[in-house]
Each structure stands twice: as structure tokens, then as C-alpha cells.
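Following: one structure in C-alpha cells, then a few remarks.
The values are calculated or read from the model by the stated rules, or taken from the named source; none is laboratory data. Quick caveat, the model's predicted, so the values are computed rather than measured. So basically every Cβ, Gly included, is an ideal-geometry build from the backbone, and we count neighbours across all protein chains shown. Just so you know, the surface numbers come from the protein's heavy atoms only, side chains and all, with ligands and any DNA or RNA stripped out. Shrake-Rupley method; radii C 1.70, N 1.55, O 1.52, S 1.80 Å.
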Amino acid sequence: MNTATQATFNGTRNTSVASYDAIVVGAGVSGLYQVHRLREEGFTVRAFETGSDVGGTWYWNRYPGARFDSEAYIYQYFFSEALYKEWSWSERYPGQEEVEQWLHFVADRLNLRKDIQFNTRIDQAHYDEDRKRWVIKTNTGETFESQFFIACTGMLSAPLTDKFEGQRSFKGQLIHTGRWPKDPVEYKGKRVGVIGNGATGIQVIQTIAGKPDLLQVFIRTPQYMIPMRNPKYTDEDIAHYKSRYKELISKLPHTFSGFEYEFVGAWQDMTPEARLEALEEIWADGSLRLWIGSFAELFTDPEVSEEISEFVREKMRKRLNYDQRLCDLLIPTEYGFGTYRVPLETNYLEAYLRDDVELVSVKDNPIARIVPEGIQLEDGTIHKLDIIIMATGFDAATGSLTRIDIRGRDGRSLKADWAEDIRTAMGLKVHGYPNLFMTGAPLAPAAALCNMPTCLQQQVDWITDCMVHMREQNKTEIEATQETQDAWTEHHDEVANATLVPQTNSWYMGGNVEGKPRRLLSYIGGVGNYRKQCDDIREQGYPGFNLA
Ligand code: NA7
């Protein structure tokens, strides 16, 4: 079916341009749910996806070792009990392949693909103020129009692929983890280099260690980590988590992180022995609980941060057999546990005890460039390689939006606005861009400060409810006022600056992209608290938003 015949035509009829109530960007976890919700409410919608199928993050990040670090039974859609119960996970933290299969199942079950155009990137979205329509252009040369433009583009989906001078000259295979090929990569007999040891690099390194002749890991900043406990689910486990559906939907949206964890209690009220006992018990859980569900003071009190950091460091030293060089290079001392993304891992540190894995420190002798035969460091040393894996991260939260030419009122550009200062109204709207909605965007809870599906579903629900409200009130345009945006940004900053997180340089702060304005990109005031503030706005008829 072609798009023109599928579309409804609203406003000024233009027979050559298909027009929709809403255009959605992205067919990942939030884009899929957004398409579903809008259809259920009777809106016309078309989604565009650069990939050849659904999945978003789970489509692109097919690198070795990619897997959940939210428990499978909460990394879920919760809007349909039947859908929740029809899918059974194989283990606590399934790998990318299974996650992708699950999203295919969801797309099939809800018949979503018929409203998604794949292999199509949206390059431009310009708001026509007179007609109150978004005019969208794609890399396939097509033009579409819609009343609402909804960017479900993902928090971590703009990979930093161009990092090093000379990349194109490399004679071997160079791969960014966020653009991993579908064809298998052959390591046997090869020399492989991995740049980066963030959550992604760690998964890659632990998974491919032992496969190439030599694996060289280029590390600049060490990382804290927690060993993952990943049991296979038995039939009883599956029946048990499914039986908890109603309990989970009432609980998850109201916790600090959208995970099932609750903080233990006040650190100061506990004896050192009781604290240690609690830390050991939480550690043994092998989950992110130590980070986002142990002691709230971890985020605010430097002494608590240091004690918990030291607890983790000692666990790491032991695994490294107290090897001084490895400990110095792999164990952080300059920032606190949990102020940067904490990964879950399996035998990651043990990989460095192998003879065929070599750690190259690039802290004091940084990577200068990539040359045809490998990686050259500043002192001139060349490490000869056949494959270079760039686990170098993403332009988080803003990148997926600023890579589209988005223009609002008076032709203002989102890229230019955010190059100066990253401000949003609850991460859902931006002043100056009427009828633009976003999920997983800056200043909303996201990426490990929220179990993503918990937050993405809440945001999609808020957006859809807002559109239904507008339809009922005969309104065609909504825009966050400058005051609302400023108030949210100030509140966000106040909450963020009361924590230790902004003191650590990381992608959470925009620190991994040169020139990016610094601000904590995820809201850290708590998922339940964020939801309540969004709900209040909806229930009060959207104060602070101009409806016309
Ligand atoms: P991250 O967490 O941003 O990690 C990127 C890694 O790449 C990190 O170790 C960086 O070191 C390293 N890096 C980047 N540039 C360089 C250069 N020039 N030289 C050496 N090392 C470099 O990205 P991930 O993909 O691991 O994780 C992102 C999120 O995706 C993750 O938190 C999950 O939520 C999913 P640095 O720390 O900058 O010294």
C-alpha cells in the first residue's frame, strides 16, 4: 500500500504529500508503543526507521556480548497483560538476539510494521507556522506532513563513529559497536584492538577475549563494575514473574529508578557491621541494585560514596590477584562509584589475566591517530591491528535529535539552540517547537537512572493523553512556555547539583563530546517523582503550556 493512499489528508489538501496526525521517528521500544497508542486512539500515524526492521537500540547494538542489565521481567511493555504473559524470557539478563526477537514478537502481535517505513532516515523536520504542520523530508527524497512530530529517537543512538584522525586510512576492519554488522566478524588468527571500556566495551571485551590471537584494550579511564548474576529462568521462575504482573505495574512506576529496588535505609542509622552486611547481600544479588537501590546517600554524601567505592575497589583488587599494574589501570580512584554508568559484567576483569589479552594504557600516552596498519599513540608507538572495535560511546540524549535538521518557530534550529544550552520542559517538549514531542530526551529520567521501558511508556502515555486532550478541546497546537521550560531546567539542575554525579566527567554530563554544553542529561529526582509531576500537569489541563 502506498503512503499516499494510506494517509488521511488534513488541513490544506496537497495531493502529492501524504499527511498524518503524527509522524513518529524510530521503531525502538518507545516508537513501537507510540505507534500502537496513537492507533488505538484513532490517530493516523506513520513511523520512520533508518534500520531495516524494528528494534532501535536492540537492532543497532548487535555487538558481541550485548545484553540487558535490567531484569528481563521488568524490561517489558506493561500496557497489556496478555502481551506480557505471552512472551517468556530464557534468563534474568537476556542477550541482544533474544531481545530483538521479543521486539519482533511485539511488532507481529500488534501488527505494527504496516505503519512503519523502514530503511528511511528523516533528515529534516520544519514547522510551518501558518499551516501548523510539520513538513518532513527523508533521505529517500520523500516529503510528508503531520500535525505532531514525535521523536522516539533514543537516549543513546547517535554513535560517536568519527573519533580519530586517519580512521579512513585503516587497512583492516573498523567497527563502531553501535553499528555492528549483521555478518559475523572473524577473529581467529587476528590482532584485535578495542577502544573504550564503558558499559559496551566491557561486554565486548569479556565476550571476545580468547578468540583473536591478541586482544589489545586501549583504556583511558577505569570503571567500577558489578559481577552479573544471570541464572536461566526455569518454568517456575517464568510462572512466578508472570503471576506478579499486577504487583509490578503498581510498583515499578513509583520507585526511584523504575527498577524494583528500594533503598535500604539511612546509612547514618546503621552500624558499620550492619552496613557491610547490607552491602554484601546487595553485592551478591549481582544486579544494578548496589548502584540505584542501595543507599540514597551514595549520590549525595562524599563519605558514603567513598566507603561504597572502596567496598567495590576491594572486590576488584581481589579478582585481579592484587596485580599492581592491573589494579592501577583498571580500578578507579578519582571519582565515586555510581557517578558514572555502572556496568554489569561476567569475567571481565579475569580477561586481563590471560596471556592473549593486553591492556594498553592511553591515559598519559593518548591515541594520536589511526594509521593504515593500526593505532598510533602520541609517543609514536604503533600497535599493529587487523580489526579495530570502537566502543567509544554516543552523543547522548541530544545527538539523535540534533542530527535531524529540526526547525521550529521563525526557522529556529534545535541543533543551534542546544549548542548553546540544553533546556527542555520535562524532557517532553522544547519551547519554540510547537507540536514536537520527545521521548528519552534530555532532562527526563533515562538510561540506568531509569529502567528505560518504565520511563518510555510513561512518556508515550503522557504524549498520547495530551493529544487526546487537544482533540477533545478542539486545539491544534501546543507549546511549552519559556517559563515552564526554565522552571523545569532550574529544578532539574537543583536536583542534579545536590548529587555527586555532575562532578564526574562522562556522557551523562555531555563530557564525551567536545563543545557540548554541560548539564546532567538524565533527571535524577526519581522516576516516581517525575511521573507525579507529569501527571499533575495533565490533570490540571496543561498549565504552563500554550494551547491554541
Ligand atoms: P561510554 O560509556 O561513553 O564509553 C566510551 C568509552 O570510550 C570510554 O571508556 C571512553 O574513555 C572511551 N573513549 C572515547 N574516546 C576515547 C579516546 N579518544 N581515547 C581512548 N578512549 C576513548 O559508551 P558505551 O557505549 O560504553 O556506553 C554508553 C551507554 O550505552 C551505556 O552507559 C549504556 O547505558 C548503553 P573515557 O571514559 O572518555 O576516558
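Conditions first: (1) within 16 Å of the ligand (Cβ to nearest atom); (2) free of Cβ contacts under 8 Å to residues at least 60 places away in the same chain; (3) not charged (D, E, K, R). GLY42 passes all but one, so which condition is the exception?
(1)
Starting from residues that are more than 29 Å from the chain's Cα centre (by Cα) and among the acidic types (Asp, Glu), keep the ones in the stretch 319-344 and report whichever is most open to solvent (accessible area, probe 1.4 Å).
ASP328
Considering SER309, SER250, which residue is touching a Pro at 6+ places or on another chain (Cβ under 8 Å) and part of a helix (DSSP H, G or I)?
After ruling out the rest, the residue left standing is SER309.
Can you find a residue in the stretch 111-134 that is assigned to a helix (DSSP H, G or I) and either open to solvent by 20 Å² or more (accessible area, probe 1.4 Å) or closer than 28 Å to HIS431 by Cβ (or both)?
Scanning the stretch 111-134, I find at least one residue that is assigned to a helix (DSSP H, G or I) and either open to solvent by 20 Å² or more (accessible area, probe 1.4 Å) or closer than 28 Å to HIS431 by Cβ (or both), so the answer is yes.
Looking at ASP395, ASP421, which is the one that is in contact (Cβ under 8 Å) with a residue 60 or more places away in the chain, within 30 Å of ARG133 (Cβ to Cβ) and either away from the ligand (no atom under 16 Å from the Cβ) or among the basic types (Lys, Arg) (or both)?
Selected residue: ASP421, the only one of ASP395, ASP421 that is in contact (Cβ under 8 Å) with a residue 60 or more places away in the chain, within 30 Å of ARG133 (Cβ to Cβ) and either away from the ligand (no atom under 16 Å from the Cβ) or among the basic types (Lys, Arg) (or both).
Does TRP102 fit the bill of being free of Cβ contacts under 8 Å to residues at least 24 places away in the same chain and either crowded, with 18+ Cβ neighbours inside 10 Å or in contact with a Leu (Cβ under 7 Å, 6 or more places away or on another chain) (or both)?
Taking the combined requirement at face value, the residue satisfies it.
Within the stretch 506-548, track down each residue that is of a type in the set (S, T, N, Q) and touching a residue at least 24 places away in the same chain (Cβ under 8 Å).
SER506, ASN512, SER522, GLN533, ASN546
In the stretch 57-69, what residues are open to solvent by 10 Å² or more (accessible area, probe 1.4 Å), more than 18 Å from ILE175 (Cβ to Cβ) and in a loop (DSSP other than H, G, I, E, B)?
The answer is ASP69, and nothing else.
Could you tell me how many of the residues in the stretch 234-265 are at pLDDT below 95 and among the small types (Gly, Ala, Ser)?
3
Among residues belonging to the stretch 364-384 that are within 14 Å of the ligand (Cβ to nearest atom) and exposed (fewer than 13 other Cβ atoms within 10 Å of the Cβ), point out the one that is farthest from the chain's Cα centre (by Cα).
GLU378
Looking at (1) among the charged types (D, E, K, R); (2) touching a helix residue (DSSP H, G or I) at 6+ places or on another chain (Cβ under 8 Å); (3) within 20 Å of GLN216 (Cα to Cα), which one does ASP328 not meet, given that it meets all the others?
(2)
Let's see how each residue does on (1) more than 19 Å from ASP162 (Cα to Cα); (2) within 15 Å of the ligand (Cβ to nearest atom); (3) among the aliphatic types (A, V, I, L, M):
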| residue | (1), (2), (3) |
| --- | --- |
| ARG179 | no, yes, no |
| VAL185 | yes, no, yes |
| GLY193 | no, yes, no |
| ILE202 | yes, yes, yes |
| GLN206 | yes, yes, no |
| GLY210 | yes, no, no |
| LEU214 | yes, no, yes |
| ILE219 | no, yes, yes |
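Of the residues that make up the stretch 401-417, is at least one open to solvent by less than 10 Å² (accessible area, probe 1.4 Å), farther than 28 Å from GLY172 by Cβ, without any contact (Cβ under 8 Å) to a residue 40 or more places away in the chain and more than 16 Å from the ligand (Cβ to nearest atom)?
Checking the stretch 401-417: at least one residue is open to solvent by less than 10 Å² (accessible area, probe 1.4 Å), farther than 28 Å from GLY172 by Cβ, without any contact (Cβ under 8 Å) to a residue 40 or more places away in the chain and more than 16 Å from the ligand (Cβ to nearest atom).
Which is within 11 Å of the ligand (Cβ to nearest atom), out of contact with any Cys (no Cβ under 6 Å at 6 or more places or on another chain) and farther than 14 Å from PHE218 by Cβ, of TYR348, TYR322, TYR335?
Of TYR348, TYR322, TYR335, the one residue that is within 11 Å of the ligand (Cβ to nearest atom), out of contact with any Cys (no Cβ under 6 Å at 6 or more places or on another chain) and farther than 14 Å from PHE218 by Cβ is TYR335.
Specify the residue that is farthest from the ligand (Cβ to nearest atom); the eligible residues are those in the stretch 143-171 that are buried (at least 18 other Cβ atoms within 10 Å of the Cβ) and more than 23 Å from ARG403 (Cβ to Cβ).
Taking the candidates together, the pick is GLN147.
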